[in-house]
Structure formats: structure tokens, C-alpha cells
Amino acid sequence: MSGNGRSNRVEQREKQEFAIQSGIPVPAKRGGSTYPWAEMLDGDSIFVACGDGEQRQMQRRVYVNGRQWLKKNRPKAKIVTRVESKGVRVWLLEA
């Protein structure tokens, strides 16, 4: 037995048998965004509810998600976020 744990894993992998299966459908691609960016018009806003103390984290998450979507689909638009008492308000603004 070799002192190298990696070679043991490689040997184990080589000995593993695989069953070949046919007719298994490929899962559908997860599409779309969690948020309704495509349906929003200039000046529209959404409210994303979250627990107390989670607003800043949610604000960042929604902002990043929105920027990624807009970069691909509406590059001149921008996202504006504000923390509110029970969540985060997010606006979509056309530049």
C-alpha cells in the first residue's frame, strides 16, 4: 500500500463499476430570475421581505442579482435599493 492517499483514491475510482442507463431524461434547465426584472418598467419597484437583521445581506443579494440580469438584458438600466423596516425596496430605473 502506498503512503500517498491520492493514489489509493485513483485505484479505487478505477475499480468502480458504472451501470449504463438509457432513456433517463435530462432535467430541464433552471431558467429565469428569482425576481421579476423582465416584467418591470422604468420606475417600478418591488419589496423583498426578510427578517430583522437580514436587510443588508438581502439588499446586497438583490442588487447583485439585478445587476447581473440587467447587464445581459438591459445594460443601460440600473438598480436602486433601500432598506425598509421589514425588508428591502428595489427600483429599476432606465438610464
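Just so it is clear, none of the values below were taken in a lab; they were calculated from the coordinates. This structure is a prediction, so every number in the text was calculated from the model and none was measured. Glycine gets a Cβ as well: all are built from the backbone with ideal geometry, and neighbour counts include every protein chain shown.
Taking each DSSP H run with n ≥ 4 as -39500 (n - 2.57) and averaging over every residue of the chain yields -10500 deg cm²/dmol at 222 nm. If the chain linking Arg82 and Ala38 were pulled fully straight, counting 0.36 nm for each residue of separation and taking away their Cα-Cα distance, it would gain 13.8 nm.
With neighbours defined as other Cβ atoms within 10 Å of a residue's Cβ, the residues Thr81, Thr34 order from fewest to most as Thr34, Thr81. Scanning residues 5 or more positions from Cys50 or on other chains, those with amide H under 5 Å from its amide H are Gly87, Val88, with H placed 1.01 Å from N in the peptide plane. In straight-distance terms, cross-link reach from Lys72 covers every one of the lysines whose alpha-carbon lies under 28 Å from its own, apart from those fewer than eight places away in the same chain; here that gives Lys29.
With each label modelled as a point 7 angstrom along the Cα→C-beta vector, the Lys71-Glu54 pair spans 2.6 nm.
Hey, what D do you get for the range 27-94 in µm²/s if you plug the Kirkwood alpha-carbon radius into Stokes-Einstein at 4 °C and 1.567 mPa s? Here the translational diffusion coefficient equals 104 µm²/s.
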